[in-house]
1. Report, in degrees rounded to the nearest 10, the 0 to 90 angle that the Cα long axis of helix 170-180 makes with the longest principal axis of the chain.
2. Can you give me the long-range amide H partners of residue 27? Hydrogens built in the peptide plane at 1.01 Å from N, cutoff under 5 Å, separation of 5 or more residues or another chain.
3. Multiply the residue gap between residue 163 and residue 241 by 0.36 nm, knock off their C-alpha separation, and tell me the result in nm, one decimal place.
4. Students often get this wrong, so check it: of 214/286; 163/214; 79/128; 29/124; 41/97; 214/293, which have C-alpha atoms separated by over 26 Å?
5. Hey, what do the phi angles of segment 135-143 turn into as Karplus ³J(HN,Hα) couplings, whole Hz, using 6.51/-1.76/1.60 and θ = phi - 60°, x for Gly and Pro?
6. Which residue, 283, 140, 181, has the most motion in a Gaussian network model of the chain that connects Cα atoms within less than 10 Å?
7. Taking the Cβ of each residue in 141, 254 as the centre, tally the other Cβ atoms inside 10 Å and list the residues starting with the fewest.
8. How big is the charge dipole of the chain about its Cα centre, in debye rounded to the nearest 20, if each Lys and Arg gets +1 on its Cβ and each Asp and Glu gets -1 on its Cβ?
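No lab work stands behind these numbers, since they all come straight from the coordinates. Not measured: the values here are computed from a predicted model. All Cβ positions, even for glycine, are placed from backbone atoms using ideal geometry, and neighbour counts span all protein chains on display.
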Amino acid sequence: MPEITESQLRERIAKDALTGTLLLYGEEKMLIRRDVRRILKKLNIADFPEFNLNELPHTATVDQIADAALALPFFAERKCVTVSDLDLDTLDSSALKKLDELLGSVPETTVLLFFYPTLTFDAKKSAKWRGFLKTLEASGSSVYYPRRSESDLEKYLCREAEKMGCVLSRRLAEKMVRNTGSDLNTLQNELQKLCAFVGSGEITDEHLDRIVTKNLETTVFLLSNALVRGNYEKAYALLDLLLQQGEKPISILSVLTNAYIDMYRVRAAVQSGLNTTAPMEYGDYKGRDFRLKNAANDMRDLSSEALRDCLELLLETDLSIKLSASGMDRIALETLFAKLLLLSHRGSVE
């Protein structure tokens, strides 16, 4: 069978039409874990679970998987075998051949579920994964969970807030994504914390600012905004905050560099006659649309030449931190900030 969608899987779960081999993989790990729970709940293997539910770890051998999958259920119509995070790249040709043979011989009484709650793989770069997916097309189904777009994340947060008895507007949902990032598991945790605090009713800006934690990426984007606008006090205050929170200078520098790269990409796109979202075609921006929005706003304060100078300064600082003695990292960042702030006022560094 070809790859099916998440909604098609949910339909199968609702109709209790789960058979053969299933593969759940992709970037949204929380949704993978959620659907695994739904599948196990629907199969309802309450009688003799020690025989009818085999949960195998990533260290399981193909022989162990086959033994569990080919065994008949015990006083039940079917059984389920789950295998989490099996890394095909670690298997030799003999094990891969056995796995292919197993996929074609799973009995109707077994649901064999491969799922990936932590491991992410790129089938385009691995012949082993491509072969596995091709074999699976003939004997089972796979579901890919892509990273959600910013719009999808906002809709999700609004729906989940409603389920918890709260009202979250799209504007505040967008703010949550901007502050917390695009990781769905983190967003879910922050939303639960927020709704627990509010209790019921409408969620306000004040609630959001008080409860929801800003991640490193969000704080550094606020920092880059302060730097390009020449706001000395805010820039150094945010640096102090990040360091007090235990963030490593090299991590701060890495995210800050990404912010300036975003600005340069957007500037290049606009100068080429494209719109500000054009970099989405070649950059990892899915679910991070706000990065390009921030970049489009911030780049207005810097010329193309100044942006190139900023990137050169960021590279120099990266090398300086990696090569300097321990304890000099903060000084390197403070020196970088002074030069970036100077660029925001003068357009170039003398």
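1. 80
2. 145, 147
3. 24.6 nm
4. In this structure, 79/128; 41/97 lie more than 26 Å apart at Cα.
5. Each residue's phi maps through the Karplus curve to give 5, 5, 4, 8, 10, x, 9, 10, 10 Hz.
6. Between 283, 140, 181, it is 283 that shows the largest mean-square fluctuation.
7. 254, 141
8. So the magnitude is around 560 debye.
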